[in-house]
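Contents: one structure, followed by commentary.
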Amino acid sequence: MPFPDDDTIQRLHKKYAPHDLAFTIVYGHCQIIAEISLEIIDKRHLDVTRGFVRAAALLHDIGYYPLFDASGYVPRDRLITHGVTGAELLRAENIPEPLCRIAERHTGVGLTRDSILKQKLPLPARDLIPETPTEWLITYADKLHTKAIMPNEPHDVTGYFNSPESYLRHAAKFGEANAARFAELIEVYGTPDLVRLASQHQQPLR
């Protein structure tokens, strides 16, 4: 399956980024998720297409750009919509559907129709759960790094890394099933060298 190259993806980010800070935060995060994903592929000897995984990682959070407000950050109540927003944006750009699905389904460890309805989330009432190996890989890798996109976070901090254990504690706040699903992902994908990545990117590891 054809997929866009790095230059094409970067141009898309620059097209939709409302300002340089947004580009630095979102594209920088996507680059880190690509690094994490490729390291997991190598360590776990996963049978996936590296170029496709890289493209998926670089595109997965493009849906944040339309959500930035005038203060330069994304309001908390809009965060949950970035996956669906990103998928819509990518489809409008004629990006292959498998990449659109990854953008759409990577939020948390997947969102079920029941949870969307129960929590009255501003999302379509359908399952948004990863299904393919690459969808799950990007979903897991994405949890190991957090962007600084909230108004109460200083503009000189662009993000931080999460150990699998720290994210597992976070996942448990959303129920036992959520935590169990993430624990399974830890078993499947393991832990990349987050100490090295945190040092390389000069960001904290929590």
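The values are calculated or read from the model by the stated rules, or taken from the named source; none is laboratory data. Please read all numbers here as calculations on a predicted model, not as lab measurements. Note that each Cβ is placed from the backbone with ideal geometry, even for glycine, and that neighbours are counted across all protein chains shown.
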### Task
Could you tell me whether any residue of the range 68-79 is buried (at least 16 other Cβ atoms within 10 Å of the Cβ), in contact with a helix residue (DSSP H, G or I) (Cβ under 6 Å, 6 or more places away or on another chain) and within 26 Å of L197 (Cβ to Cβ)?
yes
### Query
Could you say which residue among P124, P154, P130 is in contact (Cβ under 8 Å) with a residue 40 or more places away in the chain and part of a loop (DSSP other than H, G, I, E, B)?
P124
### Query
Does the range 85-95 contain any residue that is surrounded by 14 or more Cβ atoms within 10 Å (Cβ to Cβ), touching a helix residue (DSSP H, G or I) at 6+ places or on another chain (Cβ under 8 Å), among the β-branched types (V, I, T) and more than 17 Å from A17 (Cα to Cα)?
yes
### Message
Quick check on E135: is it of a type outside the set (S, T, Y) and either part of a helix (DSSP H, G or I) or in contact with a Ser or Thr (Cβ under 9 Å, 6 or more places away or on another chain) (or both)?
### Response
yes
#### Entry: Test: residue in the range 56-67 that is out of contact with any Lys or Arg (no Cβ under 9 Å at 6 or more places or on another chain), touching a residue at least 12 places away in the same chain (Cβ under 8 Å) and more than 19 Å from A92 (Cα to Cα)
no
### Task
For T158, state whether it is under 15 Å from the mean Cα position of the chain (by Cα), among the hydroxyl-bearing types (S, T, Y) and modelled with pLDDT under 95.
yes
### Query
Hey, does the range 195-204 have a residue that's farther than 27 Å from V48 by Cα, more than 17 Å from the chain's Cα centre (by Cα) and without any contact (Cβ under 8 Å) to a residue 40 or more places away in the chain?
yes
### Query
Within the range 34-51, can one find any residue that is among the hydrophobic types (A, V, I, L, M, F, W, C) and within 26 Å of M150 (Cα to Cα)?
yes
### Single residue of the range 96-116 satisfying the filter (in a loop (DSSP other than H, G, I, E, B) and under 16 Å from the mean Cα position of the chain (by Cα)) that is surrounded by the most Cβ atoms within 10 Å (Cβ to Cβ)
H106
### Query
Name the residues in the range 168-205 that are in contact with a Phe, Trp or Tyr (Cβ under 9 Å, 6 or more places away or on another chain) and loosely packed, with under 13 Cβ neighbours inside 10 Å, would you?
V195, P204
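Return the residues of the range 1-20 that are of a type outside the set (D, E, K, R) and surrounded by fewer than 16 Cβ atoms within 10 Å (Cβ to Cβ); say none if nothing qualifies.
Of the residues in the range 1-20, the ones of a type outside the set (D, E, K, R) are 1-4, 8-10, 12-13, 16-19.
Across the range 1-20, the qualifying residues are M1, P2, T8, P18, H19.
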### Message
Please go through the range 123-168 and give me each residue that is aromatic (F, W, Y) and within 19 Å of V109 (Cβ to Cβ), ordered by number.
### Response
W136, Y140, F161, Y167
### Task
Tell me, yes or no, whether the range 76-93 has at least one residue that is aliphatic (A, V, I, L, M), part of a loop (DSSP other than H, G, I, E, B) and more than 25 Å from P154 (Cβ to Cβ).
no
### Summary
Taking the range 178-194 and keeping only residues that are in contact (Cβ under 8 Å) with a residue 12 or more places away in the chain and among the aliphatic types (A, V, I, L, M), one is left with A183, L185, I186, V188, L194
